[in-house]
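Okay, so here's the structure we're looking at.
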Amino acid sequence: MIAIRNLSHRIGGATILDEVSLDIPRGGITAIIGPNGAGKSTLMGLAARLIPLQDGRVEIDGQDIARTPTEELARRLAIVTQRVGVASRLRVGDLVGFGRWPHHRGRPGPADHAAVEHALEAFDLTALRHRFLDELSGGQNQRAFIAMGLAQETEWLLLDEPLNNLDMFHARRLMARIHALSRAGGRSVVMVVHDINYAAAWADHVVALKDGRLDFEGAPREVLTGARLSALFGMEIAVEEIRGRPTVLHHA
Amino acid sequence: MPDRRLLALAAALLAACAFFLFWGLKGPAGFILELRATKLAALLLVGAATGISTVLFQTVTGNRILTPAILGFDSLFLLVQSLLVLGLGGLGYAMADGAGKFLLDTALMMAASLALFSLLTGRGRGDLHRMILVGVIFGLFFRSMTAFVLRLIDPSEYSVIQSAMFASFGSIEAGHLAMAAALFVPVMAVIWRLAPAMDVIGLGRDSAVGLGLRYDRLCTLALLLVAALVAVSTALVGPVSFLGLLVSALAHELMKTPRHALLLPAAALIAGLILVIGQGVFERILGLQSTLSVIIEFAGGLLFLYLVLGGRR
Ligand SMILES: Nc1ncnc2c1ncn2[C@@H]1O[C@H](COP(=O)(O)OP(=O)(O)O)[C@@H](O)[C@H]1O
Ligand SMILES: [Mg+2]
C-alpha cells in the first residue's frame, strides 16, 4: 500500500497540492484521473521522490520514503514520467538496459540481460532495439520508456499518462500487458489516464484529483457516475452501462 | 576485451608520439629528447584533461554544444590572472611563477568555476537557451572586470598579463607538469569509478533519481572534478576554447554510446592525437612555433557555429 498523508505542495505562491490523504491499494491497477493541472503528475513525482517533499508524508509498504535509501526505493518502485526526453543519442536496447541499474549498479549479469529481453519483447521493441530514440515515432518512444520501467522489475510501477501517443492497438495491448502484470505478476500499477473508458475497463481503483485536492476515490463501478464526472471536469458527461461496464459518452 | 575503435585510436596515438619524439632528431639527442618528452607529456595531459572534462560537463548539463571553455572559462582565467598581477604587482607575478602560483591558480579556478557551473545544473539542466545566456553574461562580466582590473594595473605590467592571454604549447616547465600530473592522477581515478553512474546521469534528472542515483550529489562531484581538470589544463598552457568541443563531438560521433567507460578514453585519445600531430607537424615540418592553438580554435569555432546554427543537436 502507498499511504499518502496530508501531502501539500507549493511552488512560488501557488498551492499545487492541498492536504491530500489517500491509500493506494497493493496489487491491481489504480487509475488517477482529473483535469489538466489538477496535480496528478506532482502527486506521482512526490510519491516517487523525484520532487522533494515539502509537507506531509508518503509511505510505501510501511516504509517512509523520506527515510528509505534512494537505492532501495529504486528496487521497489519504478516511475515513467510524462515528459521524457534524453539529450544524448541513445539506442532503444541501451535505454531499456538502464532499467536494470538499481539491481546491478554498473555490472550487468545474465539475469539483467534476460529481464531486458523480456521487456523488449513485451512491448514489440525487439526489432527496434538498435534504433536511436530520436529515430522513433512518439508512440515507439513512449513504449521504450515504459519497457525501461518494466525492466526495473519493481513491486510498484508508476506510469504518468502511458497511453499518450499510442495507437488503439498498442494502447489496448499496453493495458492488457499491465493487467497481466498486476494479476499473474502480483505487481501494483498506478497510472494517470485521460480516457475514462480505459479506467472503467481496466482499473481496480480510481482516484480523482481536482485543483490539488482529492475529489473522490473508489471502485470504478461505484465512483464513475455521470454526476461525479460532470462535476470533476465541469462539463456534461453521460455514463451508460454497456456490456456490464460504465461507459463514458462525452463526444457530443 | 577492449573496444576495437579505442585500440585503433591508441595505436594511432602511439605512432604520433613516436613521430613527435624522433622526427628530425639531430644534435645532442639526449637533451632534445628530454625537452620533447616533457612537451609530449604536457600535450597528452592537456588533451586528456580537456577531452574528459568536456564530455563529463556535457553529460551533467545535458547538452552537446556548450563546454566549460565556451561558458566564459577563458575570460575567468584572464580575470584571475589580472587579479593576481594587481595583487602581487607585475614583478611579484613574474617572480611568483612557481609552485605557489600554480596551486593558487588551480584553487581559484576551481572555486570560481564550481560557482559558475552550479548555476547550470538543477532546474536549468538541458535548457540550452538559459545556459547560453548565462555563458554570455558571465563571459561579458569577466571580460569587463578584466578590462577594469587591467586599467588599474601599471601599463608597464600589462605585458606580463598579455602573454597569459593565449594558449601556448611552446614552453612548458617540468615543474608545472609534475604538479599538474600530481593533481590529474587522483582526479582521473575518481572519474573512472564514477563512469558507470555518469551513464545514468546522462538520462536526465528524473530518470536518474528514479533509478536510485543520488543525482545532486553526483553532479556536484562531477562538476568539481571537471573544474579540477580544466584548472589543471588552463594553468599549464592557458585557455583553449574550442578544443573540448571538437573532441567531445568527435568522441560521441565515433563511439555512439552512452557508456562513459568508452566515451572518456576515446575523448582523451582523440584530443591527444589532435594536439600531438598538430604540434608535431607545426614544429617539425613547418618550423612554426605557436600557431597550433589558432588552428584548433578556428576548426573548433567553425564546428561550434555549425552546431549552434542547427546542424544537429
Ligand atoms: N515546476 C513548476 N513550476 C510552476 N508551476 C508548476 C510546476 N510544475 C507544475 N506546476 C503547476 O502545478 C499544477 C499541477 O501540475 P501537474 O501536477 O503537472 O498537473 P497534471 O499532471 O494533473 O496535469 C499546474 O497548475 C502546473 O501549472
Ligand atoms: Mg501531468
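The values are calculated or read from the model by the stated rules, or taken from the named source; none is laboratory data. On a predicted model such as this, the values are computed, not experimentally measured, just so you know. Here the Cβ is made from the backbone with ideal geometry for all residues, glycine too, and neighbour counts use every protein chain on show. Each accessible area value is taken on the protein alone, full model and side chains, heavy atoms only, with ligands, DNA and RNA left out. Shrake-Rupley method; radii C 1.70, N 1.55, O 1.52, S 1.80 Å.
In chain A, how does Rg compare with the Kirkwood Rh, expressed as the Rg/Rh ratio over alpha carbon atoms? Write down the numbers at each step before the final one.
Values: Rg = 18.2 Å, Rh = 18.9 Å.
Rg/Rh for chain A comes to 0.97.
List the residues whose amide H sits under 5 Å from the amide H of B:ARG214, counting only those 5 or more places along or on another chain, with H placed 1.01 Å from N in the peptide plane.
The answer is none.
Residue by residue, what Karplus-based ³J(HN,Hα) values in Hz, rounded to whole numbers, does segment A:219-224 have, using 6.51, -1.76 and 1.60 with θ = phi - 60° and x for Gly and Pro?
6, x, 4, 8, 9, 7
Leaving out ligands, DNA and RNA but keeping every protein chain, what accessible area does A:SER182 have, in Å² rounded to the nearest 10, with a 1.4 Å probe?
Rounded to the nearest 10, that gives 10 Å².
Protein chains only, probe 1.4 Å: how do A:ARG76, A:ARG183 rank by accessible area, largest first? Don't skip to the end; give the middle numbers.
Details: A:ARG76 65, A:ARG183 115 Å².
In descending accessible area the options line up as A:ARG183, A:ARG76.
Calculate the dipole size of the protein assembly as shown relative to its Cα centre from +1 charges on Lys and Arg beta carbons and -1 charges on Asp and Glu beta carbons; express the result in debye to the nearest 20. List each step's numbers first, then the result.
Working: 50 positive and 45 negative charges, 163 e Å.
In total the dipole reaches around 780 debye.
Over chain A, what is the relative contact order in whole percent, taking alpha-carbon pairs under 8 Å and six or more residues apart?
Worked out over chain A, it gives 25 percent.
If you take each beta carbon of peptide A:69-81 and count the beta carbons of other chains within 10 angstrom, what is the mean? Mind showing how you got there, number by number?
On the way: counts 2, 7, 4, 1, 3, 5, 2, 1, 2, 2, 5, 3, 5.
Rounded to a whole number, the mean comes out at 3.
Taking each residue in A:5-13, count the Cβ atoms of any other chain within 10 Å of its Cβ, then average. What number comes out?
That average works out to 0.
Over the heavy atoms of A:GLU71, what accessible area does a 1.4 Å probe trace out, to the nearest 10 Å²?
It works out to around 40 Å².
With a cut-off of at most 16 other beta carbons within 10 Å, and DSSP calling the residue loop, which trypsin sites (Lys or Arg not before Pro) in segment A:98-153 qualify? Please list them.
Within segment A:98-153, the qualifying trypsin sites (Lys or Arg not before Pro) (loop, at most 16 other Cβ atoms within 10 Å) are A:ARG105, A:ARG131.
Collect residues whose amide H, placed 1.01 Å from N in the peptide plane, falls under 5 Å from the amide H of A:ASN164; neighbours closer than 5 in sequence don't count.
none
Partner chain Cβ atoms within 10 Å, averaged over the residues of B:194-202 - can you pull that number for me?
3
Roughly how many Å² of B:TRP192 are accessible to a 1.4 Å probe, to the nearest 10?
140
Considering protein heavy atoms only and a 1.4 Å probe radius, which residues within segment B:245-263 exhibit an accessible-area decrease of no less than 50 Å² in the full assembly relative to the chain by itself?
Residues shielded by partner chains are B:LYS256, B:PRO258.
Which of the peptides B:14-21, A:160-167 is most tightly packed, and how do the rest follow, judged by the mean count of other Cβ atoms within 10 Å per residue?
The most tightly packed comes first, giving A:160-167, B:14-21.
Going highest first, how would you order A:232-243, A:108-119, B:211-222, A:170-181 by mean Cβ packing within 10 Å?
Numbers: A:232-243: 13.0, A:108-119: 15.2, B:211-222: 19.4, A:170-181: 17.2.
Going by the mean number of other Cβ atoms within 10 Å, highest first, we get B:211-222, A:170-181, A:108-119, A:232-243.
Which helices of chain B meet both criteria: a Cα extent of 30 Å or more along the helical axis and a mean Kyte-Doolittle score no lower than 0.0, with helices taken as whole DSSP H segments?
Span-like helices here: B:29-61, B:128-152, B:174-201, B:215-237.
May I ask you to list, by number, the DSSP H helices of chain A whose Cα span along the axis is at least 15 Å and whose average Kyte-Doolittle hydropathy reaches -0.5 or more?
A:110-122, A:138-151, A:168-183
Could you work out how far the C-alpha centroid of segment A:98-155 sits from that of segment A:182-252, in angstrom?
After rounding, the separation between the Cα centres reads 30 Å.
Under the Kirkwood approximation applied to all pairs of distinct alpha-carbon atoms, what is the hydrodynamic radius of the protein assembly as shown in Å?
About 26.5 Å, per the Kirkwood formula over Cα pairs.
For segment A:28-73 and segment B:212-251, compute the distance between their C-alpha centroids and round to whole Å.
With segment A:28-73 and segment B:212-251 each reduced to a Cα centre, they are spaced 35 Å.
Need one number: nm distance between label points at A:ASP211 and B:GLU253, each 7 Å from Cα along Cα→Cβ, rounded to one decimal.
5.6
Once neighbouring chains are kept in place and the probe is 1.4 Å, which whole percent of the accessible area of chain A is contributed by carbon and sulfur? Before the final figure, lay out each step's value.
Working: 5530 of 11280 Å².
Whole-percent figure for carbon plus sulfur exposure: 49.
With a probe of 1.4 Å, find how much accessible area chain A has per residue, and write the answer as a whole number in Å².
Accessible area per residue: 45 Å².
Quick one: which residues, 5 or more positions from A:PHE216 or on another chain, have an amide H under 5 Å from its amide H? H modelled 1.01 Å from N in the peptide plane, none for Pro or chain starts.
The answer is A:ALA208.
Which order do B:VAL134, B:VAL226, B:VAL294 take when ranked by solvent-accessible area (1.4 Å probe, heavy atoms of all protein chains), largest first?
B:VAL294, B:VAL134, B:VAL226
Taking θ as phi - 60°, what are the ³J(HN,Hα) couplings along segment A:200-217 by the Karplus curve (6.51, -1.76, 1.60), each to the nearest whole Hz, with x for Gly and Pro?
Running phi through 6.51 cos²θ - 1.76 cosθ + 1.60 with θ = phi - 60° gives 5, 7, 10, 7, 9, 8, 10, 10, 10, 10, 8, 6, x, 10, 6, 8, 7, 8 Hz.
Given a 1.4 Å probe and no ligands, DNA or RNA in the count, how much accessible surface is buried by A and B, both sides, to the nearest 100 Å²? Walk me through the intermediate numbers first.
Details: alone 12200 and 14790 Å², together 25020 Å².
When A and B are taken together, about 2000 Å² of accessible area is lost.
Just tell me which lysines come within less than 26 Å, Cα to Cα, of A:LYS210; anything on the same chain fewer than 8 places away is out.
Reachable lysines: A:LYS40.
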